Amino acid sequence: MATIRQNQIARLIQRELGFYFQKEVNKYNEGGLITVTIVRVSPDFSIAKVYLSIFPKDKEKILENINSETKVIRHYLSQRIKNKMRFMPELEFFIDDSLDYIEKIENLLK
């Protein structure tokens, strides 16, 4: 169960990363869309797990590109939220496959 502070920080990171990927989408996924669906922050605020929904291209390749740019993304994020946190958590990016799972279930039910 996440604390109120964890939820606040997670929402803040989600919003700022959403702005970042909206601005830099062509760097990672030209002509596509990258959405930050969920952010989960560890209780000690040292790790933030970021789940991304990537549309429509090769998800694994785009995730690899994003992981190679983690330091740049983390620096951008630290500049945006420096007044709200003492230190910046490590970012871990994952593909959010919940939409694919829902689609699979819907197809099975048909």
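The values are calculated or read from the model by the stated rules, or taken from the named source; none is laboratory data. Source: prediction; values computed, not measured. Neighbour counts run over all protein chains shown; Cβ positions are idealised from the backbone, glycine included.
One residue stands out in the range 66-107 among those that are of a type in the set (S, T, N, Q) and surrounded by fewer than 13 Cβ atoms within 10 Å (Cβ to Cβ): the one that is nearest to ASN29 (Cα to Cα), namely SER68. List every residue pair whose Cβ atoms sit under 8 Å apart, with the two residues 6 or more apart in sequence or on different chains, where the first one lies in the range 30-56 and is closer than 14 Å to GLN6 by Cα and free of Cβ contacts under 8 Å to residues at least 24 places away in the same chain and the second, anywhere, is among the aromatic types (Phe, Trp, Tyr) and surrounded by 14 or more Cβ atoms within 10 Å (Cβ to Cβ). If the second residue must be among the aromatic types (Phe, Trp, Tyr) and surrounded by 14 or more Cβ atoms within 10 Å (Cβ to Cβ), no pairs are left.
Please find, within the range 50-76, the residue that is modelled with the lowest pLDDT out of those that are in a helix (DSSP H, G or I) and β-branched (Val, Ile, Thr). Spell out how you get there, then give the answer.
Our first condition is that a residue be in a helix (DSSP H, G or I); within the range 50-76, this holds for 59-68, 70-76.
Next cut, β-branched (Val, Ile, Thr) only: 62, 66, 70, 72-73.
Details: ILE62: 89, ILE66: 92, THR70: 94, VAL72: 94, ILE73: 94.
So the residue we want is ILE62.
Only residues that are assigned to a strand (DSSP E or B) and surrounded by 15 or more Cβ atoms within 10 Å (Cβ to Cβ) were counted across the range 9-37, and they come to 4.
Among (1) surrounded by fewer than 17 Cβ atoms within 10 Å (Cβ to Cβ); (2) touching a strand residue (DSSP E or B) at 6+ places or on another chain (Cβ under 6 Å); (3) not β-branched (Val, Ile, Thr), which single condition is LYS110 missing? Among (1) surrounded by fewer than 17 Cβ atoms within 10 Å (Cβ to Cβ); (2) touching a strand residue (DSSP E or B) at 6+ places or on another chain (Cβ under 6 Å); (3) not β-branched (Val, Ile, Thr), the lone unmet condition for LYS110 is (2). Within the range 46-65, being over 13 Å from the mean Cα position of the chain (by Cα) and crowded, with 16+ Cβ neighbours inside 10 Å holds for one residue alone: LYS59.
Within the range 71-110, the residues that satisfy the criterion of being of a type in the set (S, T, N, Q) and under 15 Å from the mean Cα position of the chain (by Cα) are SER78, SER98. Filter the range 77-110 for residues that are in a helix (DSSP H, G or I) and in contact (Cβ under 8 Å) with a residue 60 or more places away in the chain and give the result. Across the range 77-110, the qualifying residues are LEU77, ARG80, SER98.
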